[in-house]
Every structure is written in structure tokens, then in C-alpha cells.
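So the structure is just underneath, and the comments pick up after that.
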Amino acid sequence: MSFSSQFNHFLVPTQAEVEDAIRTGVVVFDTNVLLNLYRFAPTARNELLAAFRKLGDRIFVPHQVGLEFHRNRLEVIADNREAYKVATASIAEHESSVVDELKEKIRQLSNRIALSESEKNRLLKAASGIFLPLTQELDEMRARHGLDDPLANDDILEQLQSIFANKVGSPFTEDEQRAALEEAARRNKEKIPPGYKDAPKHGDYFVWKQSLVGAANRSAKLLVFVTGDVKEDWYLRVQGKSLCARPELSEEAFRETGARLVLMRTETFLRHASNFLDAAVSPDTIRQAEELPDPEVTLAVREAGDKVGELRAWLSQVEMELNIIERRLVNARDEWSDVRSAISSSQASSEEERSELFAYSNQLQSQLRSLLDSRDNLTRQRAQVVASLSDAESLLAQIAPVNIRRALGG
């Protein structure tokens, strides 16, 4: 075997090799590709599913992919609903301030140029409905997109079950699971791809290992792995560009299965399916695939949103406790003032009565100091929570709009 042929599997695949892989190779779809079906608009979703069908029996689904898909499917559907909810809430938030300002300007205009009552009312009515078309369009888009209710009938799931029937690999045996966990831990520690970027998780390695087993069992000469993941533990990156699979992955695939590895993103698969499988794929579908939410950004948005919710709840609790402390302070001050007045007017009282009043006054002073300390601590705590909440809201504001636009297909 010549040097060039022996090490050919390390190189970036040629166009001819890619075409051969799409036409004849075993094709594995990573979990994120399947979950992104829920983020596609209906037309794009159907075109991707149709491209899956063009592959026929050459699809192989690692058991780990099926497991992760079912674990995360409902959460992705819920994320869709949350994306629309955030967009709708943003519209409502801006509508209130903008409409109020417009109405005030209309009233000022009416006072300056003496609009008739009907003219003024017509302008006020138009101002009140200025956001209505946007809200209606968002509602219509949500209805077209569908599948934002985890309890609704899931047509995507039904189609995938049909397409992937008899194409899902076996789970690890108990011994295989133990060995895979040990190997995943070793790879994470030594930064051996894939999966170390998600350490200490092991899902990527499980998918990879089962993909190699599936390719070997099918005696594949070409293995196409389609993933939405672009991290460095999958792709060889040069000057910020993802060129091809990491050489370590290509070498391992060739060593374990004898197959040439061809790694690609969803949009690349769609282009090749259009060119080589005669699949009907529109440019808009490819654009949507390119702009799908980054799984890492989606996770960051969810975590940031949870953090904002936790901090708001904490702030509400702190402010409630502050209000209670303030009321107790007012009552304690009033009571202490009454006791001091009683002491001042008790010259004729017995020494025992005066002593009791002084003791009670001291007790109230101690209570006041304790309440003041509690108020100071809660005030500092509130300032810290407000600062943390501001940071969390700023982070969410930075990362959420991009993810929402992508989730809405924009």
C-alpha cells in the first residue's frame, strides 16, 4: 500500500469521496440533528425528513442517540413555547410604554391644532392597535410552526419512528457500559476526541463508539457522521474554520472499521442530499439549518433564564422580609417612645414601677438594635441580589435574542 493511500483517510475528503459517501455510505445522525427538527419551520422540517428517507437502509442510529433524543425531546418542545412566550412578552412590554407615549403626543397635538374629537379618537384608536399586527403575525407563526405543547400528538416522532424502524443499534451490555465509561473518563482527562469539551459528560463518546460498532457490523467503507456540533473535539479547525473531522477520529474510524470518515453539519448534508440524492431541498431550508440555535447557546439561555427566575424570587423574598422588619421597627419605635414618655411622667410612681419601665425600655432598645441590624443585613443582601440580577438579565438580553430569532426561523 502506498504512503498516500495508507494515510488518505487523514485528509480532507475530496468532492468525489463526499459524493460517494452520500450515495453509498452508512449515515449516522447525531442527537442534535434530530432534535433540531422541532426547531425547523414545517416546510424545512419536511424536506429534511424527506432527505432522511432518500437514504433508505443506509441510516444507522446509535442507541445513545435514541436515548438522548427521547430524554430531551420534550424539553426542546418546551423551549419552542418559551421562545414565543419571550417574544410575546417583549412586545407587550414595549407596547405599554410606546402606546402611552403616542397617546400623550396625540393629546398634545390635539391641544395645539384643535383636532376634532372624532379625529383625535381615530388617532388614539390607531395608536392602541399599532402592535396588533405584530402580535397576530407571531400567533400565526406559532400556529404554523406547531409542536410547542409537550402533550400534543407528535408527528415528528411518528415519522422518525417510521424512518428509523430496524435501524437503531443495540445498547451496551453491562460490561460494555463499564468499559465505555472508563474509556470516556480517560479521554476526557487526556483530551482525546470526541467529547472532552463536554467533560465530565460521556454522551458524545458513547455515540461515537456505537457509531463505529454499527459501521463495522455493516462492513462500511464510508461512514458519514452528521452533527450540529462544531466544537474542536469533533472538527479540525484552522483559522476559525471547521475543515474536516479531527485526524484522531478519522484514524480511529479507519482502524476500528476500515471506513473513511466524512463529518458534516446538517446544512452540508442537505446540500449534498440535493445534489447527489435528488432530494428536494430549498435554499430557505439550508438557511434555516445554518441559523439553527446553537445547542450551547440554547443551554446558556435556559440556565440564564433559570438564574434570573431564582434571583427574582430571592429578591422578592428579601423585600418581603425587609417590609416585615420595617413594620416591626415602626411598632418598636412607637412602643419605645410610649415607654419613654411613661418614664418621664412617672415621677410620682414607685421605684419598682420605674425600674420595670426602665427594664422594658432597655429591652425595647435591644430589640430595636437587633431589628436595625437585620434591616442593614437585608439591605446589603438586597443590593447584592439586585446587582446579580442586573448581571443575569444583561447576559440573558445578550444571548436570548439571537437564539429566539433562530428558534423562530428568522
All-but-one check, Thr298 against (1) at pLDDT 85 or above; (2) surrounded by 14 or more Cβ atoms within 10 Å (Cβ to Cβ); (3) polar (S, T, N, Q), failing number (1)
Just wondering, is there one or more residues in segment 91-101 that are open to solvent by 30 Å² or more (accessible area, probe 1.4 Å) and either within 23 Å of Asp229 (Cα to Cα) or assigned to a strand (DSSP E or B) (or both)?
no
Tally the residues that are farther than 20 Å from Leu35 by Cβ and in contact (Cβ under 8 Å) with a residue 12 or more places away in the chain, restricting the search to segment 192-213.
7
For segment 199-225, which positions are open to solvent by less than 50 Å² (accessible area, probe 1.4 Å) and part of a helix (DSSP H, G or I)?
Gly203, Asp204, Tyr205, Phe206, Val207, Trp208, Gln210, Ser211, Leu212, Gly214, Ala215, Ala216
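When you check Val28 against the structure, is it in contact with a helix residue (DSSP H, G or I) (Cβ under 7 Å, 6 or more places away or on another chain), aliphatic (A, V, I, L, M), within 30 Å of Pro247 (Cβ to Cβ) and touching a residue at least 40 places away in the same chain (Cβ under 8 Å), yes or no? If you could, list the steps in order and put the result at the bottom.
Numbers: in contact with a helix residue (DSSP H, G or I) (Cβ under 7 Å, 6 or more places away or on another chain): yes; aliphatic (A, V, I, L, M): yes; within 30 Å of Pro247 (Cβ to Cβ): yes; touching a residue at least 40 places away in the same chain (Cβ under 8 Å): yes.
For Val28, the condition - in contact with a helix residue (DSSP H, G or I) (Cβ under 7 Å, 6 or more places away or on another chain), aliphatic (A, V, I, L, M), within 30 Å of Pro247 (Cβ to Cβ) and touching a residue at least 40 places away in the same chain (Cβ under 8 Å) - is met.
Check whether at least one residue in segment 259-270 is outside any helix (DSSP H, G or I), among the basic types (Lys, Arg) and without any contact (Cβ under 8 Å) to a residue 12 or more places away in the chain, and report yes or no. Quick ask: steps written out before the conclusion?
First, pick out the residues of segment 259-270 that are outside any helix (DSSP H, G or I): 259-265.
Now restrict to residues that are among the basic types (Lys, Arg): 260, 265.
If we keep only those that are without any contact (Cβ under 8 Å) to a residue 12 or more places away in the chain as well, we get none.
Looking for residues that are outside any helix (DSSP H, G or I), among the basic types (Lys, Arg) and without any contact (Cβ under 8 Å) to a residue 12 or more places away in the chain, one finds none in segment 259-270, hence no.
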If the requirement is being at pLDDT 80 or above, open to solvent by less than 80 Å² (accessible area, probe 1.4 Å), over 30 Å from Ala78 (Cβ atoms) and in contact with a Phe, Trp or Tyr (Cβ under 9 Å, 6 or more places away or on another chain), which of these qualifies: Leu329, Leu322, Leu368, Leu372?
Leu368
Mind checking whether some residue in segment 227-235 is open to solvent by less than 40 Å² (accessible area, probe 1.4 Å), outside any helix (DSSP H, G or I), at pLDDT 95 or above and aromatic (Phe, Trp, Tyr)?
no
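Surrounded by 22 or more Cβ atoms within 10 Å (Cβ to Cβ) and of a type in the set (Asp, Glu): is that true of Glu47 in this structure? So that I can check it myself, show each step before the final result.
Details: surrounded by 22 or more Cβ atoms within 10 Å (Cβ to Cβ): yes; of a type in the set (Asp, Glu): yes.
Taking the combined requirement at face value, the residue satisfies it.
The values are calculated or read from the model by the stated rules, or taken from the named source; none is laboratory data. These numbers come from a predicted model, not from an experiment. All Cβ positions, glycine included, derive from the backbone under ideal geometry; neighbour counts span all protein chains shown. Heavy atoms of the whole protein, side chains included, go into the accessibility calculation; ligands, DNA and RNA do not. Shrake-Rupley method; radii C 1.70, N 1.55, O 1.52, S 1.80 Å.
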